[in-house]
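Report on one structure; see the data block that follows.
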Amino acid sequence: MTSSYHNPPIPPAHTPAFHNPPSRPAVAGILAGAAGLGLGELLAALIGPIRSPLLAVADRVVDLSPTGVREWAISTLGTLDKPVTILGTLVLLALASAGLGVLAARGRRAAAWAAAGAMGMGVIGAVAAWSGRGDGMGSGFGALAGAAVSAGALWALFGATRRTTPGVGGRDTRAPALKPDPAAAHGPNPESEPDVELDHEAPLLSPMRRRTVLGGLGVAAIVQLALAGAIRVVGGRTQAQQARSQVTLPPVDSPLAPLPKQTASAPGAGTPGLSPLITPNDDFYRIDTAFTIPSVDVDTWALTIAGGSNGPLTLSYDDLLAREQVEIDCTLSCVSNEVGGDLVGNARWQGVELAPLLAEAGVPEGATQVGATSTDGWTCGFPIETLDRPSGDATPPAIIAVAMGGEPLPLAHGFPARLVIPGLYGYVSACKWLERIELTTWEDFTGYWVPRGWSREAPIKTQSRIDVPADGATVNAGPTTIAGVAWAGIRGLAEVETRVDGGPWRPANLGPKLSDATWRQWWTDWNATTGSHTLTVRATDGAGNTQTARPSRPDPNGATGWHAVVVTVR
Ligand SMILES: Nc1nc2c(c(=O)[nH]1)N[C@H]1C(S)=C(S)[C@@H](COP(=O)(O)O)O[C@H]1N2
Ligand SMILES: [Mo]
């Protein structure tokens, strides 16, 4: 780097560092912050018990934001809520760091305050880490170590000085920092009388060296963050991925009938664009609060069933696989699914029946709720009576699932084990990365989403969806097919009807029924006439209740209303 382009005008040696345009200190502050964050993230990626300062703070932001804000975020951002929260946290961090940089440039005293401010941010990160999942005091170490780097960088850049006049004799050059500095209080002012004390001192770093340090901070930040990201994504993921790939699923002891073949020639079910009867694992919607998919070590993982009158029951992964394996066909739906939305999927799950396990643990007198906790501290709970209903092929039992679609649970869907409770929305029941089940009461246990404004109990509402033609599609006049899926918790489906514009309701054909807890495909013929048409669908559940036309929002316990699409026929 010899080009003069890189050489700033060299100020006289005694010019204090704070005689810079304010944008430079802001950038310096951001670089100091980024280098500190990088170290914190790298330590967290390398050393298990240390938590990522960024994710810890983002978690707390979510936890502490008012319910209204959170509902707004979920309803407008949907599954983007996590990246947006992380981005928002980064923006806050950058603004705070820029502010500290500007402050630091206002003099030595101010630089000391800025360094203290950086440590303060580290303490916030550490507290966020500690107050998350009880990983012990070590979890906050990354935030503190990172903050020390940021604070040190700010001090080195703006606060630290060296003596320039030899022979002033034994005076401690650091002393002025502790005395009030009138220049600092009034901000940068190149016109002011030179400070007597600064006469003998210059910034520790020459402008050239400051640039080197700033560049170094930038490089350190980028390298550390990239490494941390790579270790997390590749390292953590492949470890669990590898463990998952080595799992040999035990055979199902009481297998269901084989799934019907869905060929393109099958009437109705072969309609292009219609959801398949079984959702492939890769297409299955994913909803959770996890910023990073928990990667669970199956060798040390254990499921504890607590609160039973026979004492806690602990099952290793092998214990779980050694138990009687059952299969259920069950549609899982998110309470946030809008009318016509796609936060719903249908799968064949394999696992261990929950009710007999709880009976083995001993259901105590007065237990009203089954609580579940994941390895990442998420919780949900559902009424204990849910498990009382008789189960059979039509009403599948609640299970601790270990497999989905014939494979061990994908990491994103809860490997090594999760709950699948037919008939209930996921947020009250379908705990992924399951770690603990407890027999408890509504008073003693509260699921994650309940204090956040969602209902305590949440049976799946009846919904029907038009898949084809898609909303806004253009179709050719003449015979065509309207098709979609409909589901009704565990109530089964009695009828699906469609209507063109304000015309009469006409029953649709129903596809194969796997169980009362799964969706069914439906289709109907339509002789499309040119113009714009509104197609509407509604379903009637096995108990004879037809979906209400009244639209309501997903919160607090599931959207209602009829799905309609508008199509152009030409
Ligand atoms: N550990 C954990 N389990 C969880 C959640 C979560 O945030 N964390 N979200 C629940 C919600 S709201 C739904 S809808 C389902 C979604 O399951 P899926 O991602 O496998 O489709 O998981 C449930 N289980
Ligand atoms: Mo959900």
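No lab work stands behind these numbers, since they all come straight from the coordinates. Because the structure is a prediction, the values reported are computed rather than measured. Neighbour counts run over all protein chains shown; Cβ positions are idealised from the backbone, glycine included.
Here are some notes:
- The tail of the calculated P(r) for the chain beyond 47 Å holds 32 percent of all Cα-Cα pairs.
- Residues D342 and A494, FRET efficiency given R0 of 22 Å [Cβ-Cβ distance, rounded to 0.05]: 0.35
- Q241/S131 FRET efficiency (R0 30 Å; Cβ-Cβ; nearest 0.05): 0.50
- Between A473 and A306, the modelled labels are 5.0 nm apart [label points 7 Å from Cα along Cα→Cβ].
- A cut-off of 5 Å between modelled amide H atoms, ignoring neighbours fewer than 5 places along the same chain, links T161 with L204.
- With Cα atoms defining each centre, segment 424-478 and segment 79-104 are spaced 32 Å apart in the structure.
- Residue separation of T289 and L95 scaled by 0.36 nm, minus their Cα-Cα distance, works out to 67.3 nm of gained length.
- Between E457 and T248, the contour length at 0.36 nm per residue exceeds the alpha carbon distance by 71.6 nm.
- Backbone amide hydrogens, once placed in the peptide plane, bring H563 within less than 5 Å of S464, V537, excluding anything fewer than 5 places away on its chain.
- Taken over the Cα atoms of segment 463-569, the convex hull encloses 95 Å³ per residue.
- Amide hydrogen neighbours beyond the local backbone of V475, cut-off 5 Å, H modeled: T568, V569, R570
- Given their separation in residues at 0.36 nm each and the Cα-Cα distance between them, N545 and D282 gain 91.4 nm when the chain is fully extended.
- Considering only the chain, percent of DSSP beta bridges that pair antiparallel, nearest 5: 90 percent
- Residue range of the chain that is longest and free of GluC sites (Glu not before Pro) which are both DSSP loop and sparsely packed (at most 15 other C-beta within 10 Å): 1-190
- Rough spin-label spacing in nm, given labels placed 7 Å along Cα→Cβ, for L227 and E443: 5.4 nm
- Filter on K82/K461; K432/K513; K82/K432 - keep pairs with C-alpha separation over 23 Å: K82/K461; K432/K513
- Structure-based [θ]222 nm, the chain - -39500 (n - 2.57) summed over DSSP H runs of at least 4, per residue, nearest 500: -9500 deg cm²/dmol
- Computed label-point distance, nm, for sites D297 and S65 using a 7 Å Cα→Cβ extension: 3.4 nm
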